[in-house]
Amino acid sequence: MKRSIYALALSGAMLPMAANAECGEVSVAEMNWTSGGVNTGVIAFLLEEGYGCDVTVVPSATTTAITSLAENNEPDVVPELWVNSAPAYFDLADEGKVVKASDSFSDGGTEHWLVPSYLVEEHPELATIEGILDNPELVGARFHNCPDGWGCRIVNDSLKEAFDLEGNGIEVFNHGSGETLAGAMASAYENQEPYFGYYWGPTAPLGKYDMVSVDLGPYNEEVHNCNQDTECNEVGVSSFPSADVFNVVTSDFAEREPEAFELIQNVSISNDTMNGILAWHSDNQASIDEAVVYYLQNNQDQWMSWLSEEAQANLEGMF
């Protein structure tokens with residue numbers, strides 16, 4: 001990864017020597033999805049070129065990473081850990097083995113029922129679920145649901161019952177794959193047609209299409225927990241909570257590399273920025289390395305603000 005980013009970003013320019021030689025070996029997990037790869041690439045690049053760390057990138061995934069942390073106390077850094085899918089994280093944190101350094105995304109992971117902005121501009125009432133239930137024809141009288149087997153399908157099926165979508169004239173269409181779910185949104189938006197459906201972020205479609213998150217009412221933790229429990233029969237109305245997505249480090253790393261740890265504490269990318277990166281990556285059929293460079297080149301003020309003065313000097317003028 002390092003050599004690819006160097007080649008793409010610097011095009012043969014002379015590399016400054018990292019002045020901070022105190023940082024030693026650091027292992028960084030790379031999750032097996034695009035935003036995870038981008039987060040890892042950015043962190044690894046800044047650690048190496050800003051702080052002089054000897055970084056090893058470790059291919060990983062949520063379960064793999066949390067198991068390795070529990071059994072081996074590594075990798076040192078795990079960017080973009082969706083802790084709602086890794087409950088063992090909380091046990092490790094309580095035991096003092098791992099530390100939350102920062103929120104990967106400023107708004108956390110998000111889930112929505114969405115309509116296109118052009119519909120809301122013409123019919124402002126569609127920004128609320130009440131407005132949609134009163135005017136199903138304006139959204140095509142169809143709700144685009146998650147595929148079977150996805151966690152969001154359980155919650156959506158509870159909400160469709162709580163809101164009585166079908167009783168209000170809205171067909172619930174259960175997609176067979178994530179590709180067709182995204183494709184339905186893309187087709188409707190590009191043709192300026194009615195659309196109403198579920199999606200989550202940060203994701204490329206939310207970076208490409210101007211969608212409005214429908215107001216489903218206030219978040220109620222008890223109701224939401226019931227809605228995602230297949231054995232709970234008392235479904236109710238609740239909006240989606242923001243999902244906790246953390247940049248996590250081992251406690252040993254935090255103590256061993258305090259300056260590098262301080263960097264990780266500052267790393268947080270806004271949801272809108274990540275949506276835009278993912279959209280650019282998709283539109284240009286780019287590699288992860290190219291997406292990392294795209295972020296570094298277009299958001300220098302942000303990532304420079306994360307660095308120590310010494311690291312800033314090491315990276316000044318590189319882009």
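For Gln285, work out the one condition from (1) within 15 Å of the chain's Cα centre (by Cα); (2) at positive phi it doesn't fulfil.
(1)
Is it the case that the range 296-305 has a residue that's under 30 Å from Lys97 (Cα atoms), of a type outside the set (A, V, I, L, M, F, W, C) and out of contact with any helix residue (DSSP H, G or I) (no Cβ under 6 Å at 6 or more places or on another chain)?
yes
Among the residues in the range 114-135, are any hydrophobic (A, V, I, L, M, F, W, C), in contact with a Pro (Cβ under 6 Å, 6 or more places away or on another chain) and modelled with pLDDT of 95 or more?
no
How many residues does the range 76-99 hold that are without any contact (Cβ under 8 Å) to a residue 60 or more places away in the chain and either closer than 24 Å to Ile288 by Cβ or surrounded by 16 or more Cβ atoms within 10 Å (Cβ to Cβ) (or both)?
4
Give the residue that is nearest to Asp244 (Cα to Cα), with candidates limited to residues of the range 263-296 that are aromatic (Phe, Trp, Tyr) and in contact (Cβ under 8 Å) with a residue 24 or more places away in the chain.
Filtering the range 263-296 for residues that are aromatic (Phe, Trp, Tyr) and in contact (Cβ under 8 Å) with a residue 24 or more places away in the chain, the one nearest to Asp244 (Cα to Cα) comes out as Tyr295.
I'm checking my understanding of the structure. Among residues of the range 136-151 that are modelled with pLDDT under 95 and exposed (fewer than 15 other Cβ atoms within 10 Å of the Cβ), which one is nearest to Asp229 (Cα to Cα)?
Only one residue fits best here, namely Gly151.
For the range 183-220, enumerate the residues that are crowded, with 21+ Cβ neighbours inside 10 Å, assigned to a helix (DSSP H, G or I) and touching a Ser or Thr at 6+ places or on another chain (Cβ under 9 Å).
Ala204, Pro205, Leu206, Gly207
With in contact (Cβ under 8 Å) with a residue 40 or more places away in the chain and in contact with a strand residue (DSSP E or B) (Cβ under 8 Å, 6 or more places away or on another chain) as the only criterion, which of Pro202, Pro147 stands out?
Pro202
When Val235 is evaluated against the numbered criteria (1) surrounded by 18 or more Cβ atoms within 10 Å (Cβ to Cβ); (2) part of a helix (DSSP H, G or I), which criterion, by number, is the only one it fails?
It fails just one condition, (2).
Among the residues of the range 103-124, are any closer than 30 Å to Gly24 by Cα and part of a strand (DSSP E or B)?
Taking every residue of the range 103-124 in turn, at least one turns out to be closer than 30 Å to Gly24 by Cα and part of a strand (DSSP E or B).
Taking the condition assigned by TED's automatic domain parsing to the domain that holds Ala61 and under 29 Å from Cys23 (Cα atoms), does Ala254 pass?
So Ala254 fits the description; yes.
The values are calculated or read from the model by the stated rules, or taken from the named source; none is laboratory data. Please read these numbers as outputs of a predicted model, since none were measured by experiment. Neighbour counts run over all protein chains shown; Cβ positions are idealised from the backbone, glycine included.
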